[in-house]
Amino acid sequence: MTGREVSIDDPPTDKIVGDIGIDIFHFGLGYTRVYLSFNFNFVAIKNFDLSIPVSEVNLPRHKVLIIGCGSIGERHIRCFSKTGRADVTACDTTSSSLRAMGEKYGVGTVSDWQVALASKEFGAVVICTPTPSHVPIALYALENDVHTLIEKPLSHSLDSVDKLLATSKHSTCHAAVAYIMHVYPVLSQAREFIRSGAIGPILQATVTAGQPFYKYRPAYAQSYYRDHNSGGGAIQDALTHSANWMESVVGPAESVLCDCAHQFLPDVEVEDTVHLNARHGNVLTSFTLNQFQAPTENTIQLNAGKGSVKIELHQQRWGVLEAGSSQWEWHEARVEDQDSHFVAQANAFLDLTEGQPSCLCSLESAAQSIRFNLAALASAKAGTRIFCRDIEP
C-alpha cells in the first residue's frame with residue numbers, strides 16, 4: 001500500500017510505541033475502505049477511516065473465468081475487471097465474440113469451458129450461458145473445486161437442482177446466484193430497516209414495475225427470451241428479480257395465483273405482462289409487471305401495523321411513513337450507473353470466495369425461485385392457485 005502522511009491533532013511529543021491493526025473492506029466503484037486501529041502506550045485512536053483507490057492497495061488477485069459473452073457476460077467481464085481484484089478470462093464458443101471481448105477489454109480468451117475448469121487454473125467462474133446449461137456447468141465447476149456464480153434464473157426446471165444443492169453442500173467452494181437486486185444499496189437499506197422491527201412485521205406488500213423492454217434489449221426476439229424452456233418470458237426474465245428479493249424479506253411463497261398474457265412485444269408469443277398474487281405464510285403480496293410501458297419504473301411498498309416502507313428504484317430512494325404520520329421520510333441511496341451494482345456484486349462474490357460473509361442469493365433461495373416461477377406459469381395455464389411444494393422435477 002502506498003504510504004500517506006496522516007495528520008493527527010495534538011500528537012504526544014514522546015516516542016509512541018504500540019501496535020497497528022488493519023482491516024480491509026471491499027466496496028464497489030473502485031474503492032476499498034481501510035480501518036486502522038492504533039493501540040499505543042500514550043495514545044489510543046480507533047477506526048481512523050481512509051478511502052483509498054483499489055490500485056493503491058495490494059488486494060488478493062482472483063483468476064475468474066466468465067463463460068458466455070452475450071450482453072450479461074460482457075457486463076460481468078467489464079465489472080469484474082473494474083474491481084481491481086480479478087484477472088478475467090472470457091469463454092465462448094463463438095470466435096467473433098471472443099475476439100471482440102479480448103480486443104475491447106484486454107482479457108484472456110478460451111473456447112472450451114470444460115478444459116478451462118478442469119485445468120485448475122481458475123479459482124472462480126461466472127456462468128452466463130443460456131438457462132438450461134446453468135446447472136450442468138455449475139455441477140462441473142463445483143466438482144472441480146471452482147467457486148461458482150450463476151446468472152439468474154438458476155434454471156428453467158428443477159432437474160438436477162437437488163444434485164447441485166448436495167454437491168455444493170459437500171464442496172469446499174462457494175456458490176451463489178446473480179440476483180442483482182441483493183446488492184442494490186436502496187434495497188439493502190430498506191430491508192435492514194424492516195428487519196429492525198421498527199414498524200412491526202410486514203403483513204402485505206406490492207410491486208408495480210414496467211419498462212420498454214425492446215429499447216434495452218432490441219434483439220430480445222432472437223434471444224432466450226422467446227422461449228420458456230430457455231428462461232424466457234416476463235415471469236422468468238423480469239418478475240423473478242422482484243419475487244426473489246421479496247422472499248428475502250417476507251419469506252418463501254407457499255402458493256401463487258397468476259394471470260399473464262402476451263400483450264404487445266412483437267415477434268414473440270411468451271407473456272410480457274403479469275398480474276400475480278402470492279401468499280408467504282400470513283403475508284400477502286401482489287406483483288404487476290409489463291415490458292412495454294413508456295416509463296421505466298419499479299415501486300415496492302411493504303405495509304405493517306406500525307407503518308409502511310416504500311422503495312422507488314427509479315428514483316433510487318426509499319421512505320418510511322409511520323402510522324399516524326402524514327409525511328414520508330425519504331432516504332436516497334444513489335449509485336453512479338447500473339455498472340455500479342454489478343461491480344458491487346462482483347466484489348461480494350470475490351469476498352465470498354475468500355470466506356467472508358456475503359449478501360448474494362444462495363442456491364437454496366434460487367431453487368425456491370424456480371418453484372415460484374414454475375408455479376406462476378402453471379397457475380396461469382390452469383387458471384387456479386398453485387402451491388410451490390407441488391412443483392416437482
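How about the range 193-215: which of its residues are hydrophobic (A, V, I, L, M, F, W, C) and assigned to a strand (DSSP E or B)?
Result: Ile202, Leu203, Ala205, Val207, Ala209.
In contact with a strand residue (DSSP E or B) (Cβ under 7 Å, 6 or more places away or on another chain) and either assigned by TED's automatic domain parsing to the domain that holds Glu74 or among the aliphatic types (A, V, I, L, M) (or both): which single residue out of Leu350, Leu377 fits that description?
Sole residue among the options that is in contact with a strand residue (DSSP E or B) (Cβ under 7 Å, 6 or more places away or on another chain) and either assigned by TED's automatic domain parsing to the domain that holds Glu74 or among the aliphatic types (A, V, I, L, M) (or both): Leu350.
Identify all residues within the range 219-251 that are outside any helix (DSSP H, G or I), modelled with pLDDT of 95 or more and either charged (D, E, K, R) or out of contact with any Phe, Trp or Tyr (no Cβ under 6 Å at 6 or more places or on another chain) (or both); write none if there are none.
Asp227, Gly251 - these are the residues of the range 219-251 that are outside any helix (DSSP H, G or I), modelled with pLDDT of 95 or more and either charged (D, E, K, R) or out of contact with any Phe, Trp or Tyr (no Cβ under 6 Å at 6 or more places or on another chain) (or both).
Does the range 50-60 contain at least one residue that is in contact with a strand residue (DSSP E or B) (Cβ under 6 Å, 6 or more places away or on another chain), at pLDDT 50 or above and of a type outside the set (D, E, K, R)?
Looking for residues that are in contact with a strand residue (DSSP E or B) (Cβ under 6 Å, 6 or more places away or on another chain), at pLDDT 50 or above and of a type outside the set (D, E, K, R), one finds at least one in the range 50-60, hence yes.
Output the residue which, of all residues in the range 322-369 that are of a type in the set (S, T, N, Q) and outside any loop (DSSP other than H, G, I, E, B), is farthest from Glu192 (Cα to Cα).
Per the stated criteria, the residue is Thr353.
For the range 276-296, does any single residue satisfy the condition of being buried (at least 22 other Cβ atoms within 10 Å of the Cβ) and in a loop (DSSP other than H, G, I, E, B)?
Yes, the range 276-296 has at least one match.
Inspect the range 330-348 for any residue being surrounded by 15 or more Cβ atoms within 10 Å (Cβ to Cβ), farther than 28 Å from Pro295 by Cα, of a type in the set (S, T, N, Q) and touching a Lys or Arg at 6+ places or on another chain (Cβ under 8 Å) and give the result as yes or no.
Looking for residues that are surrounded by 15 or more Cβ atoms within 10 Å (Cβ to Cβ), farther than 28 Å from Pro295 by Cα, of a type in the set (S, T, N, Q) and touching a Lys or Arg at 6+ places or on another chain (Cβ under 8 Å), one finds at least one in the range 330-348, hence yes.
Please find, within the range 173-192, the residue that is surrounded by the most Cβ atoms within 10 Å (Cβ to Cβ) out of those that are assigned to a helix (DSSP H, G or I) and hydrophobic (A, V, I, L, M, F, W, C).
Val183
Can you tell which of Val320, Val283 is among the hydrophobic types (A, V, I, L, M, F, W, C), in contact with an Asp or Glu (Cβ under 6 Å, 6 or more places away or on another chain) and modelled with pLDDT of 95 or more?
None of the others qualify; the one that does is Val320.
With the requirement that a residue be farther than 13 Å from Phe292 by Cβ and either of a type in the set (Val, Ile, Thr) or in contact with a strand residue (DSSP E or B) (Cβ under 6 Å, 6 or more places away or on another chain) (or both), what does the range 204-231 give you?
Within the range 204-231, Gln204, Ala205, Thr206, Val207, Thr208 meet the criteria.
Among the candidates Gly102, Gly84, which residue alone is on the phi > 0 side of the Ramachandran plot, surrounded by 15 or more Cβ atoms within 10 Å (Cβ to Cβ) and in contact with a Gly (Cβ under 9 Å, 6 or more places away or on another chain)?
On inspection, the qualifying residue turns out to be Gly84.
The values are calculated or read from the model by the stated rules, or taken from the named source; none is laboratory data. The structure presented is a predicted model; accordingly, all values stated were derived computationally and were not measured. Cβ coordinates were reconstructed from backbone atoms using ideal geometry, including for glycine residues, and neighbour counts include every protein chain displayed.
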